[in-house]
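Novice: Okay, here's the structure, questions in a sec.
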Amino acid sequence: MMVGEMEVKERPRPSPDYLMQLLNEKKLMTSLPNLCGIFTHLERLLDEGL
């Protein structure tokens, strides 16, 4: 590997069950506006899957 090159690793594809769980958790978090006010970037993190 040369200087400045980065090794890019592909992330494995998430399973459908995992994606459904994320969607359910996102719905739950959006139904709790007071809690979401504490975590100002929560929606973005959930949308980007971080």
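Novice: Could you tell me which numbered condition Leu19 fails, if it satisfies all but one of (1) modelled with pLDDT of 80 or more; (2) exposed (fewer than 10 other Cβ atoms within 10 Å of the Cβ)?
Specialist: Unmet condition: (2).
Novice: Quick one: in segment 22-34, of everything that is exposed (fewer than 10 other Cβ atoms within 10 Å of the Cβ) and more than 16 Å from Asp47 (Cα to Cα), which residue is modelled with the highest pLDDT?
Specialist: Checking each candidate, the answer is Pro33.
The values are calculated or read from the model by the stated rules, or taken from the named source; none is laboratory data. What you are looking at is a predicted structure, and each value in this text was computed from that prediction instead of being measured. Virtual Cβ from ideal backbone geometry, glycine too; neighbours counted across all protein chains shown.
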